[in-house]
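Single-structure report; data block below.
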Amino acid sequence: MMGIAALLLAWAIGWPWVRASQACGGLRPRWMAWILETLLALPVGLAATAALSFALLWAGLGAPAAVHTADGLLAVCGIVGWVLRRNAGNEPDEAPEPPAFKWTWLPALAFGVGLLLFVAAFFAFTNGNPQGNWDAWSSWNLRAKFLTDASTWRLAITPENGLANADAPLLWPSVVARGWVYGGVLGDPCVPIFASLLFSVAIPLLAGFALALLRAPALGWLGGVILLASTPLWRQAPGQYADTPVGCLILASLIVAALAERKNWDPGALALSGLLAALAASAKNEGAVFFVLLAGTLVWQARGKAAAWLGGSLPALLLAIGFPLFLAPKTAGLSFGLLADLGRGGVVLRNFLDSLIQLGEFPAHPVLLFAALAFVLKLRSPRGPWWPLIVPALLVLADLIVLWITPPTIGWQIDTALDRKMVQVIAPLLFAGVLLVRAPESLPEPAEPQDRSEARSRRRKQR
Amino acid sequence: MPSQDHTTGARALAGVAAVAVVALFGALQQYGLSDQYASQFRDPFHVMAQQERLQPVLARIPVTEKVGYFSDLPAGDLAEQAAFAYTQYAIAPRVLVPWTAKVKPVWWIGALSANDANLAAAGRDRGMVLVENLGNSVGLYRREGR
C-alpha cells in the first residue's frame, strides 16, 4: 500500500507545478479546468520525482535518500512557484462559453462507459498477469529492481550480464523503483501495475478534457471514446512498458503547448510544456525525437516566446542529454546507408500499413471514426491550428525512418515495435485532429412570449 | 469569409450520435478481445511463482553477490531463456550468471525440468551442496570448497 501511496504523493507533488504554470487559467467551465489541471499533475509529478531521484542516485546519494530528497525539493519548489504566481491567474476571464449542445450527454455516456470497460479489462489482464508482458519483467522492472540500491543501480545500464535494452533511458524504471523504495517490498507488482494504470487512464482523460475545454465538451468526449476504440491502447496499457508513460508525457506536453497558444504563448504554460517534453525525452528515445520536433514547431510558431519553453525544459533536458552521453552503454548506431535499401523501406511501410489497419476493429476503427466525425461536422473555417497535428505526424515519419535505418541485427524491431509506437502517437494525433473539427451546436430555441396577454397583443398587432 | 466554427441541427446530432455509438461499440469489442486474451494467458512463464518461491531464501544472499544458475533445459531453447530471465528477475538486484560463465559464485539456483528430479544429485554432479529444496524442481545450492 505504501508503494501506491508513493505514486499518489508524486501526483500531488506535480499539482502546484501545474498550478504555478497557469496553463489552465481562464478556461471555462472552472470545474473542468480544475480536473484538467489535476490530470496534468499526474505526468508532471510521477515523471519529475522519478527523474530527479535518479539524478540524485547518479550523484551518489543512497536510494531512499535520493527518493525523499527529490520529493522534498520538488514539493518545496512547486509550492513556492505556486505562491509566487498565484495572482498571475487573476486575469479577466476571456474564454468563450462552450457552445450549447443538448445531446452532449450521449458522447459523455459513451466515454464514461468506455473508460469503465477499459479499467475493467486492465484489471482482468493484470489479475492473471501481474508481472506484465515479457519486456516488463525481463528489462523495465528488472532495471527498476537494480535502481532500488545505491550499490547495484549501475547494473541497470550494464549489458554484460545479458540485460536487454541497457541503453534505454531510465525514467520509467525510476518511477517503479521509487514506489518500491517507499513501500519497502522489492518486486511488489502493485507498484508497476498501479503506475501503468494511472498513465494509461490519464491518456483518454487528458485528451477528452483538453478537447472539451479548448473546443466543446461533446467533441472532447467523442475524442476520448474514439481513442478508447484503438487497439494498441488496450493491448499496451497493462503490459508495464515505458511506451504508455511516454505517450502520456507526449500528449500532455502537446496539450499544454496548445493551451499556451490560446493565451498568446503564455510563458508559464510554455515552460510546463517544455518540462513535459524533456521528461518524455528522459523516458524513451522517441520522446527525444518528439522534443526536437516540438521545439522546432514552437520556434516556427511562437518565435522568440519559445525561449520560455526551452527554459522550462532545461532541468530535465540535462538528464535526457547526460544519460546517453555519460552513462548509457554505447550500442550499434543507426545505419544511414540502409536508406538505399528500398526493399527494407518497403517492409517498414507494409508493417506500418498493417499496424494502421490493426489500430481498431471494423467498423469502430479510430481512423474511420475520426474521418466520419470530420466529414459530418466539417472542418473549421478559417482553419484551426494545424501545428499540433504536424508534430505527431512527423514523429510517426521519424519512427518509420528510424526503423528503416535500424541495423539488421535488431531488424526484428520492424515487426514488433510499431504496435508500441502507436500508443505513443495515437492520442496526440487524435487530439490535434479533433481540434480542427467544428463543434456541434444546438439551434437556439425560439423565444417564448412572457405571458398570454403579450402573445395576444402581438397577434393583434400582426393582424 | 464568415467564421464557421460550429455545425448545427440534425447534421450535428446525427454525426455525434453515430460516432459515439460506434466508438462505444469499438470499446466493447476491445473489452471482449482483452478479456479473451486475459483468460487464455495467465502468467505463461510463471514469473510470479518463481519470485514467490525464491523470496524466502534471498535474505541469505547479499544484494551485491552474484548468483549462479544451471538448468537441464537445452541451451538456446525459448523455455531455457525464459527460465533464466525470470529467475534473474526474481533474485534482482543480485546478478544471475549462467553455468557457462567464467565466474563461479558461492550461491547457485538449479532448475530442473523433471517433476521428480533428484536435486541433490544434480548439485553433487556440479560440485555443489543442496541447501534448500524450493519446490517445483528448483533448488538453492552452495558451491563446495570455499
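Relative contact order of segment B:47-143: 29 percent, from C-alpha pairs under 8 Å at least 6 residues apart in sequence.
What fraction of the DSSP beta bridges in chain B is antiparallel, stated in percent and rounded to the nearest 5?
On the way: 11 of 20 bridges.
Once the DSSP bridges in chain B are tallied, antiparallel ones form about 55 percent.
Size estimate for segment B:6-86 follows the Kirkwood approach: the inverse of mean 1/r over distinct Cα pairs works out to 18.0 Å. Can you tell me the 0 to 90 degree angle between the C-alpha axis of helix A:366-377 and the longest principal axis of chain A, rounded to 10? Value to nearest ten degrees: 20.
For B:VAL67, the amide hydrogen comes within under 5 Å of the amide hydrogens of B:VAL95, B:LEU96, B:VAL97, counting only partners 5 or more places away or on other chains and with H modelled in the peptide plane.
Rounded, prolate or oblate: pick one for segment A:242-400, where a ≥ b ≥ c are the square roots of the eigenvalues of its C-alpha gyration tensor, a/c under 1.5 means rounded, and failing that, prolate if a/b is larger than b/c, else oblate. Before the final figure, lay out the partial values.
Working: a/c = 1.97, a/b = 1.05, b/c = 1.88.
In terms of gyration-tensor shape, oblate.
I need the peptides A:10-16, A:270-276 ranked by packing, meaning the mean over residues of other C-beta atoms within 10 angstrom, with the highest value on top. Spell out each step's value before the answer.
On the way: A:10-16: 22.7, A:270-276: 29.1.
Per-residue mean Cβ counts within 10 Å order the peptides as A:270-276, A:10-16.
Each Lys and Arg Cβ is given +1 and each Asp and Glu Cβ -1; about its Cα centre, segment B:41-146 then shows a dipole of about 480 debye.
Taking label positions 7 Å along the Cα-Cβ direction at both A:LEU334 and B:ASP5, the computed distance is 4.0 nm, reported to one decimal. Multiplying each eigenvalue of the alpha-carbon gyration tensor of segment A:320-359 by 5 and taking the square root yields semi-axes of 30, 17, 7 Å, largest first, rounded to whole angstroms. Each peptide in A:177-185, A:156-164, A:425-433 gets a packing score, the mean of other Cβ atoms within 10 Å over its residues, and the list from highest to lowest is A:425-433, A:177-185, A:156-164. Computed from Cα positions, the angle between helix A:190-214 and the longest principal axis of chain A comes to roughly 30 degrees. When the Cα atoms of segment A:255-297 are aligned to their principal axes, the ranges along those axes come out at 31, 16, 13 Å in descending order. Antiparallel beta bridges, as assigned by DSSP with both residues in the protein assembly as shown, represent about 50 percent of the total such bridges.
Sparsely packed loop sites in segment B:10-109 (the GluC sites (Glu not before Pro) outside DSSP H, G, I, E and B with at most 16 other Cβ atoms within 10 Å) comprise B:GLU65. Here the dipole of chain A is about 1640 debye; that uses its Cα centre as origin and unit charges on the Cβ of Lys and Arg (positive) and Asp and Glu (negative).
Step through the table entries A:LYS102/A:LYS378; A:LYS145/B:LYS104; A:LYS284/A:LYS330; A:LYS102/A:LYS263; A:LYS145/A:LYS284, compare each Cα-Cα distance with 25 Å, and write down the pairs that go over it. Pairs exceeding 25 Å: A:LYS102/A:LYS263. Exactly which trypsin sites (Lys or Arg not before Pro) in segment B:1-106 are in a DSSP loop and have at most 14 other Cβ atoms within 10 Å? Qualifying residues, ordered by number: B:ARG42, B:ARG60, B:LYS102.
Dipole orientation for the protein assembly as shown: of the candidates A:SER381, A:CYS190, B:GLY139, A:SER381 has the Cα lying most toward the positive pole (charges on Cβ; Lys, Arg +1; Asp, Glu -1).
Could you state, as a whole-number percent, how many of the C-alpha pairs of segment B:1-42 are farther apart than 17 Å?
Within segment B:1-42, distances greater than 17 Å cover 56 percent of Cα pairs.
Taking segment A:299-407, which trypsin sites (Lys or Arg not before Pro) meet the DSSP loop condition and have no more than 13 other C-beta atoms within 10 Å?
Working: sites: A:ARG303, A:LYS305, A:LYS330, A:ARG344, A:ARG350, A:LYS378, A:ARG380, A:ARG383; in loops: A:LYS330, A:LYS378, A:ARG380, A:ARG383.
Hits after loop and neighbour filter: A:LYS330, A:ARG383.
Taking Cα atoms only, the orientation of helix A:217-227 departs from the longest principal axis of chain A by about 40 degrees.
Could you work out the local net charge near B:ARG124, counting Lys and Arg as +1, Asp and Glu as -1, over the other residues with Cβ closer than 13 Å to its Cβ? Before the final figure, lay out the partial values.
Details: positive: B:ARG126, B:ARG142, B:ARG143; negative: B:ASP125, B:GLU144.
That sum, taken over residues with Cβ under 13 Å, equals +1.
Compare B:ALA85, B:ALA17, B:ALA101 in a GNM of chain B, Cα atoms joined below 10 Å, and give the one with the largest fluctuation. Per the Cα network of chain B with a 10 Å cutoff, B:ALA17 tops the list. Going from the residue with the fewest nearby Cβ atoms within 10 Å to the one with the most, A:HIS365, B:HIS46 rank B:HIS46, A:HIS365. Considering only alpha-carbon pairs that sit under 8 angstrom and 6 or more positions apart, the relative contact order computed for segment A:156-272 is 20 percent.
What FRET efficiency comes out for A:VAL76 versus A:ALA150 if R0 is 25 angstrom and r is the Cβ-Cβ distance? Round to the nearest 0.05. Intermediate results must be reported in sequence, preceding the final value.
Numbers: r = 24 Å, r/R0 = 0.94.
Taking R0 as 25 Å, the efficiency between A:VAL76 and A:ALA150 is 0.60.
Can you pull the semi-axes for chain A, root of five times each eigenvalue of the Cα gyration tensor, sorted largest first, whole Å? List each step's numbers first, then the result.
Numbers: eigenvalues 322, 138, 91 Å².
They are 40, 26, 21 Å, listed from largest to smallest.
Output the direction-averaged projected area (hull surface divided by four) of the convex hull of the alpha-carbon atoms of segment B:47-143, in nm².
Result: 5.6 nm².
Set Lys and Arg Cβ to +1 and Asp and Glu Cβ to -1, take the dipole of chain A about its Cα centre, and tell me which of A:LEU8, A:THR158, A:PRO267 lies farthest positive. Comparing the listed Cα positions along the dipole, A:PRO267 ranks first. Going toward the positive end of the dipole of the protein assembly as shown, with +1 on Lys and Arg Cβ and -1 on Asp and Glu Cβ, which of A:LEU356, A:ALA51, A:GLY208 do you reach last? Value: A:GLY208.
Bear in mind these aren't lab numbers, they're just calculated from the coordinates by the rules spelled out. The structure displayed is predicted, hence computed values, not measured ones. Because the Cβ atoms are built from the backbone with ideal geometry, glycine has one as well, and the counts that use them run over all protein chains shown.
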